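The values are calculated or read from the model by the stated rules, or taken from the named source; none is laboratory data. Bear in mind the structure is a predicted one, so any value in this text is a computation, not a measurement. Positions of Cβ are backbone-derived with ideal geometry, glycine not excepted, and every protein chain shown enters the neighbour counts.
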Amino acid sequence: MFESPGISYATLWPVLLVLGVACAGVVVEAFAPRAARFNAQVFLALAGLAAALAGTVIVGAGPSLGVSTGEGALIVDGPGVFSQGLVLLVSLGGVALFAERRLDNGVSAFAGQAAALPGTPAERTASQRGLEHTEVYPLMMFAVGGMMLFCVSGDLLMLFVALEVLSLPLYLLTGLARRRRLLSQEAALKYFLLGAFSSGIFLYGLALVYGFAGSMSLAEIGEVAAEEGSSPLLLLGIGLMAVGLLFKTGAVPFHSWTPDVYQGAPTPVTAWMSAATKIAAFAAMLRLFYVAFGAEGDIWRPAIGVVAVLTMLLGASFAVVQTDVKRMLGYSAVAHTGFLLTGLLGVQTDAFGSTQAVLFYLTAYGFATLGSFAIVSLVRGPNGEAGALDRWAGLGRTNPWVAATFAVFLLSMAGLPLTAGFIGKWGVFAAALGAGQWPVVVVAIGSSIIAIFFYVRMIMLMFFTDPSEDAAAVVTPSYATTIVIALSAVATVLLGVIPGPVLSLLVDAGGFIG
Amino acid sequence: MLTTLVLIPFVGALVTAVMPARPKLWAFGFAIATLIAGIVTMFTAPDTDRAWMEPLGVHWALEMDGFGKLMVLLTVVLVPLVMLAAVKDHDKRWYAWALALEAFALLTFLAADLFVFYIAFEATLIPAYFMIGQHGGPGRAKAALKFLMFQLGGGLVLLGALIGFYVVSVEAGPPSYLISDLAQLDIGTTAERWIFVAMFIAFAVKAPLFPVHTWLADTTEHATPPTSVLLVCILDKIGTFAMIRLCLGLVPEASAWATPVVVVLALISIVYGAVLAIGQDDLLRLIGLTSLSHFGLITLGIFAATREGLVGSILYMVNHGVATAAMFLIAGFLITRKGTASISSMRGMEKATPVLAGTFLIAGLATAGLPGLSQFVSEILVLISAFDYNWLVGVIAVTAIVLAAIYVLWAYQRIFTGPAQLSRQPVRDLDRREIGVLTPLLVALLFFGFVPGPLISAASPVVDPIVNVIQAGE
């Protein structure tokens with residue numbers, strides 16, 4: 001007799017709402033006239049995300065928090081809901097950046113007609129008619145839905161489904177840049193091929209783990225592993241699954257897509273994706289490693305430690321030699337993955353432990369990266385965004401406010417006190433040191449010094465260097481982008497000066513439940 | 001009340017930055033207000049202690065003991081003087097940053113919580129970075145970057161120590177970053193030593209000491225003299241301040257363990273800094289390097305860890321602040337007249353600018369430790385402690401006095417004596433504003449040279465508990 005699993009709609013409605021809005025977006029795309037689509041899509045996306053964000057707050061504050069629903073496929077607990085809220089917050093900013101049409105003569109940053117080959121008459125016609133793809137909004141909403149599921153997945157299968165739901169739209173969005181389309185398409189293909197491989201590897205690892213434990217549920221896997229001890233089957237499974245997740249987060253040696261995709265993707269997509277994907281992937285990774293593989297900590301911690309060390313060192317060192325601002329931020333994202341992995345090495349505690357540290361770091365990083373890429377999209381020359389670093393010289397003199405705001409984000413990423421990044425860095429280092437991982441912390445401190453160099457050099461370039469001949473200019477954006485940048489900057493400073501409320505919220509949210 | 005003392009310059013920085021009319025006057029007004037607040041709080045202010053980041057055990061805790069009072073006094077007095085000296089060739093950005101720097105520097109001297117101290121310690125760097133990078137010679141951007149990289153590098157190493165304290169604190173119970181709580185912690189020997197090493201590296205970069213001093217001369221060469229005053233006379237003091245407060249105060253056993261190495265580094269700094277100073281042609285580099293020598297002596301006095309040594313070092317920090325501030329400012333006045341900082345392109349200045357020459361000589365001789373000027377007292381105390389520690393150390397340290405006489409007098413001889421240079425425009429002597437800036441500093445040098453009592457009585461109560469702990473350990 002087949003029994004249908006009980007679903008706790010009270011805790012899942014924000015996710016379902018986002019996925020519903022995504023479907024509605026597809027319907028709008030099919031039936032609404034072209035002229036009305038843009039407004040309808042933007043409204044749907046913003047309203048849906050805002051409502052879902054309110055929903056996560058209600059769920060997070062409500063009594064039904066901490067339920068395991070759908071036969072354990074979804075576990076709505078404190079850290080999961082927190083990361084869902086974070087994804088939604090970043091995505092709201094993302095929609096605002098997607099909808100920006102004042103930077104490039106009244107059209108968005110997305111290709112007019114993706115099917116038109118670059119350099120053909122078809123492309124020219126499309127851009128003359130001012131066409132644009134409003135499908136990006138439903139695509140984004142699907143990805144957001146996938147990310148939200150990823151944050152609360154309680155079994156392996158759901159983990160995989162959510163991973164795919166969030167990944168596929170990202171591959172598409174990466175390839176939709178209006179300018180430098182070949183670069184964008186190349187990035188999309190690279191991202192897709194490598195992503196597909198890593199998904200395959202993840203699935204293989206998943207199968208091995210199932211073969212070991214005889215269950216898909218993370219909690220049951222954890223129990224079986226604790227009882228039976230480690231077996232080669234389990235360890236191989238852990239390793240392969242880790243590869244899949246480390247790929248998504250851009251950890252060395254699975255990072256090679258990161259700078260290319262960050263550079264090639266339309267900047268609004270980079271801004272949103274770099275923040276949101278990392279949040280979702282780390283939320284899932286924390287849950288997987290603590291709940292399912294917690295008993296094997298002695299085995300995966302050294303391995304993750306090595307990955308963290310490599311990621312920090314390589315990310316920071318390569319960022320130093322970049323000459324393009326998006327690539328530099330791409331490698332800096334790799335370095336931040338390393339710092340986050342350092343936090344993963346800690347242990348779950350009732351007080352301020354590893355989970356809290358990583359989630360706070362993600363909050364800090366999310367705002368900083370969203371804001372900094374938004375600023376990158378404003379700094380333009382005659383042929384679109386001014387990527388080359390030397391064209392940013394002297395920006396602090398011509399546009400002191402923009403440069404100063406960018407400096408705030410850079411300083412936060414560098415981890416200077418009175419910015420959110422500092423508390424984040426303090427947290428992940430403290431978590432790792434508390435677990436006795438001092439060699440990794442030493443490397444992390446060393447990498448931070450390298451990282452500071454390229455952030456500070458950027459500030460030096462903006463404020464202390466004279467503008468070059470083809471210096472970039474700042475284009476005045478619409479209110480939406482301005483608000484995103486301003487709010488990100490305010491959040492970055494506020495979380496650095498009074499992090500208390502968010503820290504308490506994280507401590508109250510507790511750990512992951514099995 | 002102590003919070004107000006920090007807030008006044010901080011608010012002043014924001015006001016100065018946005019004020020369209022007469023921003024420098026506003027900035028000066030805020031600096032004077034800070035001076036008044038600083039003096040008032042010295043007599044009346046109760047300690048502050050309230051929770052700030054509870055999950056991390058961070059308190060917004062401020063207190064002002066005798067040591068803190070001296071450093072606060074030095075800071076609040078120097079800032080308005082420097083602002084007065086800087087008025088001609090610095091714009092409002094510099095004034096805003098100067099006030100921000102003052103706010104964070106005061107916070108480091110007042111912090112009774114290690115986390116607060118760390119935040120302020122790092123936060124001082126941003127104003128300093130912009131002050132170096134936005135005003136000064138053509139090499140300023142590189143100098144600013146070098147300065148910031150050294151300081152932030154040291155700061156991150158200190159972050160390791162900060163986190164180390166947290167980890168130990170959590171193991172013992174609910175975490176607390178209050179310095180008084182951290183002093184009670186039972187830290188294992190190995191952990192304590194690591195924490196000491198991390199802290200010492202950070203403070204040695206700050207102070208600075210050999211071999212992490214290389215940013216100092218580049219910075220003073222390319223920054224403007226008023227910036228250098230704030231950096232060397234206030235900011236660098238945080239390094240030696242923290243050596244006493246945090247190294248000796250929190251990890252006394254590890255400090256005693258490391259003393260031989262620290263003493264050697266201090267001795268190298270003393271001799272090497274002075275020898276380098278003698279050979280400099282750039283006047284600002286010269287003054288920067290003399291400070292390396294002086295910081296060596298201060299560190300020596302601290303780690304010799306006798307009563308005389310510690311009192312001497314605390315006095316030294318104040319006196320060095322005053323004397324070196326005077327040196328930098330006088331050099332700045334000289335350089336604006338000559339258009340160059342190169343000693344070899346100046347001579348015979350005492351005929352054209354007798355007042356300037358006189359002030360230079362007084363400040364220079366104070367730096368060289370002439371009896372009757374304030375630095376002499378502190379130097380003698382430090383040297384006594386050095387001889388107590390080991391006679392050989394004392395002998396090497398004493399060379400500082402000889403070398404100092406050489407670098408001061410030889411510089412004076414090259415710049416001011418000899419036949420006057422012919423120039424189309426007559427070189428003016430110090431004007432009223434410049435004399436007004438220097439007078440308080442020179443009076444302080446003379447006054448504390450003859451009446452060091454108030455300084456000693458302010459420093460002694462701070463020193464006694466530290467010395468008691470160390471002697472109990474032995």
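Checked against the criterion of being buried (at least 24 other Cβ atoms within 10 Å of the Cβ), touching a Gly at 6+ places or on another chain (Cβ under 7 Å) and not charged (D, E, K, R), region B:181-188 contains not a single residue that satisfies it.
Out of the residues in region B:105-124 meeting the condition of being assigned to a helix (DSSP H, G or I) and over 21 Å from B:Thr34 (Cα atoms), tell me which one is farthest from the other protein chains (Cβ to nearest Cβ).
Kept after step one, since they are assigned to a helix (DSSP H, G or I), are these residues of region B:105-124: B:105-110, B:114-123.
With the extra rule that they be over 21 Å from B:Thr34 (Cα atoms), the set shrinks to B:114-115, B:118, B:122.
Details: B:Leu114: 12, B:Phe115: 9, B:Tyr118: 7, B:Glu122: 4 Å.
Checked region B:105-124; the qualifying residue farthest from the other protein chains (Cβ to nearest Cβ) is B:Leu114.
Restricting attention to region A:414-427, the residues being touching a residue at least 60 places away in the same chain (Cβ under 8 Å) and touching a Phe, Trp or Tyr at 6+ places or on another chain (Cβ under 6 Å) number 2. Tell me whether region B:190-201 contains one or more residues that are surrounded by fewer than 20 Cβ atoms within 10 Å (Cβ to Cβ), within 14 Å of chain A (Cβ to nearest Cβ) and among the aromatic types (Phe, Trp, Tyr). There is at least one residue in region B:190-201 that is surrounded by fewer than 20 Cβ atoms within 10 Å (Cβ to Cβ), within 14 Å of chain A (Cβ to nearest Cβ) and among the aromatic types (Phe, Trp, Tyr). Counting the residues of region A:34-51 that are of a type in the set (Gly, Ala, Ser) and buried (at least 17 other Cβ atoms within 10 Å of the Cβ) gives 3.
So that you can scan it fast, the table gives a plain yes or no per residue for (1) closer than 18 Å to A:Gly330 by Cα; (2) touching a residue at least 12 places away in the same chain (Cβ under 8 Å):
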residue	(1), (2)
A:Pro169	no, yes
A:Arg181	no, yes
A:Tyr210	no, yes
A:Ile221	no, yes
A:Pro232	no, no
A:Val243	no, yes
A:Gly264	yes, yes
A:Val269	yes, yes
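Any residue in region B:46-54 that is touching a residue at least 24 places away in the same chain (Cβ under 8 Å) and within 14 Å of another protein chain (Cβ to nearest Cβ)? So far as region B:46-54 goes, yes, one or more of its residues are touching a residue at least 24 places away in the same chain (Cβ under 8 Å) and within 14 Å of another protein chain (Cβ to nearest Cβ).
Would a scan of region B:438-460 turn up a residue that is outside any helix (DSSP H, G or I), touching a residue at least 60 places away in the same chain (Cβ under 8 Å) and not β-branched (Val, Ile, Thr)? Among the residues of region B:438-460, at least one is outside any helix (DSSP H, G or I), touching a residue at least 60 places away in the same chain (Cβ under 8 Å) and not β-branched (Val, Ile, Thr), which makes the answer yes.
Among the residues in region B:449-463, are any buried (at least 17 other Cβ atoms within 10 Å of the Cβ) and either within 26 Å of B:Ala274 (Cα to Cα) or outside the structural domain of B:Pro354 (by TED's automatic domain parsing) (or both)? Looking through region B:449-463, at least one residue is buried (at least 17 other Cβ atoms within 10 Å of the Cβ) and either within 26 Å of B:Ala274 (Cα to Cα) or outside the structural domain of B:Pro354 (by TED's automatic domain parsing) (or both). Note on region A:472-506: residues that are free of Cβ contacts under 8 Å to residues at least 12 places away in the same chain and touching a strand residue (DSSP E or B) at 6+ places or on another chain (Cβ under 7 Å) amount to 1. Among the residues in region A:474-495, are any of a type outside the set (D, E, K, R), crowded, with 24+ Cβ neighbours inside 10 Å, over 20 Å from the mean Cα position of the chain (by Cα) and more than 8 Å from chain B (Cβ to nearest Cβ)? Scanning region A:474-495, I find no residue that is of a type outside the set (D, E, K, R), crowded, with 24+ Cβ neighbours inside 10 Å, over 20 Å from the mean Cα position of the chain (by Cα) and more than 8 Å from chain B (Cβ to nearest Cβ), so the answer is no.
Residue under question is B:Leu235, and the condition is that it be in contact (Cβ under 8 Å) with a residue 24 or more places away in the chain and assigned by TED's automatic domain parsing to the domain that holds B:Pro127; does it hold? When the stated conditions are applied, B:Leu235 does not pass them.
Is it fair to say A:Ile299 is within 25 Å of A:Leu97 (Cβ to Cβ) and away from chain B (no Cβ under 14 Å)? Steps first, answer last, please.
On the way: within 25 Å of A:Leu97 (Cβ to Cβ): no; away from chain B (no Cβ under 14 Å): yes.
Spelling it out, it is not the case that A:Ile299 is within 25 Å of A:Leu97 (Cβ to Cβ) and away from chain B (no Cβ under 14 Å).
Among the residues of region B:350-372, what is the count of those that are crowded, with 24+ Cβ neighbours inside 10 Å and either on the phi > 0 side of the Ramachandran plot or in contact with a Gly (Cβ under 9 Å, 6 or more places away or on another chain) (or both)? Going through region B:350-372 one residue at a time, the tally reaches 2. At least 3 residues being farther than 29 Å from B:Asp464 by Cα and β-branched (Val, Ile, Thr) is the threshold, and among the helices (runs of 4 or more DSSP H) wholly inside region B:306-381 those reaching it are B:307-338, B:354-367.
Among the numbered criteria (1) within 8 Å of another protein chain (Cβ to nearest Cβ); (2) within 20 Å of the chain's Cα centre (by Cα); (3) not charged (D, E, K, R), which single criterion is violated by B:Ala143? Of the numbered conditions (1) within 8 Å of another protein chain (Cβ to nearest Cβ); (2) within 20 Å of the chain's Cα centre (by Cα); (3) not charged (D, E, K, R), the odd one out for B:Ala143 is (1). With respect to the stated conditions, A:Leu359 fails to be in a helix (DSSP H, G or I), out of contact with any Asp or Glu (no Cβ under 6 Å at 6 or more places or on another chain) and away from chain B (no Cβ under 13 Å).
Suppose we filter A:Ala451, A:Ala430, A:Ala407, A:Ala403 for residues that are in contact (Cβ under 8 Å) with a residue 60 or more places away in the chain, of a type outside the set (D, E, K, R), within 20 Å of B:Met149 (Cα to Cα) and assigned to a helix (DSSP H, G or I); which single one remains? Spell out the reasoning first.
Values: A:Ala430 fails: within 20 Å of B:Met149 (Cα to Cα); A:Ala407 fails: in contact (Cβ under 8 Å) with a residue 60 or more places away in the chain; A:Ala403 fails: within 20 Å of B:Met149 (Cα to Cα).
One residue alone meets the criteria, A:Ala451.
Quickly run through region A:394-414 and pick out the residues that are at the interface with another protein chain (Cβ under 10 Å from one of its Cβ atoms) and either of a type in the set (S, T, N, Q) or under 10 Å from A:Tyr455 (Cα atoms) (or both). Selection gives A:Ala407, A:Leu411, A:Ala414. Scanning region A:455-469 for residues that are more than 9 Å from chain B (Cβ to nearest Cβ), free of Cβ contacts under 8 Å to residues at least 24 places away in the same chain and either under 30 Å from A:Val76 (Cα atoms) or in a helix (DSSP H, G or I) (or both) turns up nothing.
Going by what's in this entry, would A:Val428 be described as under 18 Å from A:Leu313 (Cα atoms), within 11 Å of chain B (Cβ to nearest Cβ) and within 25 Å of the chain's Cα centre (by Cα)?
On the way: under 18 Å from A:Leu313 (Cα atoms): yes; within 11 Å of chain B (Cβ to nearest Cβ): yes; within 25 Å of the chain's Cα centre (by Cα): yes.
Here the answer is yes, as A:Val428 does meet what is asked.
Tell me which residues, restricted to region A:291-323, are surrounded by fewer than 18 Cβ atoms within 10 Å (Cβ to Cβ) and closer than 27 Å to A:Trp392 by Cα. Matches in region A:291-323: A:Ser317, A:Val320, A:Val321, A:Thr323. Being assigned to a helix (DSSP H, G or I) and in contact (Cβ under 8 Å) with a residue 60 or more places away in the chain is not true of A:Glu227.
Here is a yes/no grid of residues against (1) within 16 Å of A:Ala489 (Cβ to Cβ); (2) at the interface with chain B (Cβ under 10 Å from one of its Cβ atoms):
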{"position": "A:Thr369", "(1), (2)": "yes, no"}
{"position": "A:Pro382", "(1), (2)": "no, no"}
{"position": "A:Ala388", "(1), (2)": "no, no"}
{"position": "A:Trp392", "(1), (2)": "no, no"}
{"position": "A:Leu416", "(1), (2)": "yes, yes"}
{"position": "A:Ile445", "(1), (2)": "no, yes"}
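For region B:9-54, the set of residues classified as more than 17 Å from B:Leu74 (Cβ to Cβ) and of a type in the set (Val, Ile, Thr) consists of B:Val11, B:Val15, B:Thr16, B:Val18, B:Thr44, B:Thr48, listed by residue number.
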